[in-house]
Amino acid sequence: MIFTDKVCWVTGASSGIGEAIVYQLATKGAKLVISARRLDELEKVKIKCAELGNKNVQVVAIDLSDQESISAAFRAVKNVHQRVDYLFNNGGLSQRGLVSDSESIEADRKIMEVNFFGTIALTKKVLTLMLNNGFGHFVVTSSIVGKFGFPLRSTYSASKHALHGYFESLAIENFNNNISVSMVLPGRIATSLSLGALNAEGKVHGEMDEGLAAGMDVNECAKQIVKGVALKKREILVGGKEIMMVHFRRFVPALFYKLAARIKPT
Ligand SMILES: NC(=O)c1ccc[n+]([C@@H]2O[C@H](COP(=O)([O-])OP(=O)(O)OC[C@H]3O[C@@H](n4cnc5c(N)ncnc54)[C@H](OP(=O)(O)O)[C@@H]3O)[C@@H](O)[C@H]2O)c1
């Protein structure tokens, strides 16, 4: 019942975890706003929502690396709904490149632009609306590598760490304003995330990781995320046994370093 008639805006809704979250929310009677760059994929998601019995879906294009696109998307949502109850900041870009592979920081800037600056630019706009309406809940798809570093993902990991600091601050600043934050920390989820990941030169990796392909089913992942959000959990760890690494890093760091150096990073 929690999501019934609530305006739920999901970024990165054209595939993977975001798409699966949309279907979970669709069956719970949410008023959906779905965003990403690929409008053709979003239209397919909208059709599937209708098949699930939910026709209340607004498709809004967004490019998280483009401030003007973020502003236009916000205006479009505000015009239709005048409110956002839940913002699922899920759109993101991964990385498959060693620090030593390139001296250029072009790829690093692109990853930070989408994962961090794009996310906070949208968040700042939506927060004003939430404060006016007296309610809001931000759900942020971080990663287990938002809690520790991991090979081939230096800047990706940094962008996710940055989100933790940012949203913890936002949550404390708004402790008395009825604004909640849930950080989602997926381990390996079976999506095509590695295909669009950037290598050290900023080129698309274009390969499906074995580890990712063998990851948790994306619908199970979305189910656990939506359940955690409904319970207003501050952190939602989701995935297979790899999520134990978060606890190893915190409580037995020496073991964590040994294991992390041994795990195949692709
Ligand atoms: N799969 C995993 O194992 C895993 C683990 C930890 C964290 N995550 C996080 O989960 C989130 C979703 O990833 P996924 O696994 O579901 O992979 P995915 O299927 O590749 O989804 C990524 C989504 O982000 C969108 N996106 C990428 N660049 C964008 C941009 N510039 N502007 C707007 N949207 C953009 C994509 O849409 P368009 O291409 O249509 O724009 C797509 O909908 C990401 O934040 C990722 O870091 C995933």
- request: Could you please let me know if GLY196 is open to solvent by 10 Å² or more (accessible area, probe 1.4 Å), under 22 Å from ARG249 (Cβ atoms) and touching a residue at least 12 places away in the same chain (Cβ under 8 Å)?
  value: no
query: Which of the residues spanning region 198-239 are in contact with a Phe, Trp or Tyr (Cβ under 8 Å, 6 or more places away or on another chain) and within 11 Å of the ligand (Cβ to nearest atom)?
result: ALA222
message: Any residue that is within 12 Å of the ligand (Cβ to nearest atom) and assigned to a loop (DSSP other than H, G, I, E, B) - is there at least one of those in region 155-167?
response: no
query: In region 121-149, how many are open to solvent by less than 30 Å² (accessible area, probe 1.4 Å) and within 16 Å of the ligand (Cβ to nearest atom)?
result: 14
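Residue-by-condition table, conditions (1) surrounded by fewer than 21 Cβ atoms within 10 Å (Cβ to Cβ); (2) small (Gly, Ala, Ser); (3) within 14 Å of the ligand (Cβ to nearest atom):
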| residue | (1), (2), (3) |
| --- | --- |
| LEU25 | no, no, no |
| ARG38 | yes, no, yes |
| GLY53 | yes, yes, no |
| ASN56 | yes, no, no |
| VAL80 | yes, no, no |
| GLY92 | no, yes, yes |
- prompt: What pairs come up if the first residue lies in region 55-66 and is of a type in the set (Gly, Ala, Ser), the second is surrounded by fewer than 18 Cβ atoms within 10 Å (Cβ to Cβ) and assigned to a loop (DSSP other than H, G, I, E, B), and their beta carbons are under 7 Å apart, counting only those six or more places apart or on different chains?
  reply: ALA61/ARG37
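The values are calculated or read from the model by the stated rules, or taken from the named source; none is laboratory data. Owing to the predicted nature of the structure, the values given are computational and were not obtained by experimental measurement. Here the Cβ is made from the backbone with ideal geometry for all residues, glycine too, and neighbour counts use every protein chain on show. Note: areas computed on protein heavy atoms with side chains; ligands, DNA, RNA excluded. Shrake-Rupley method; radii C 1.70, N 1.55, O 1.52, S 1.80 Å.
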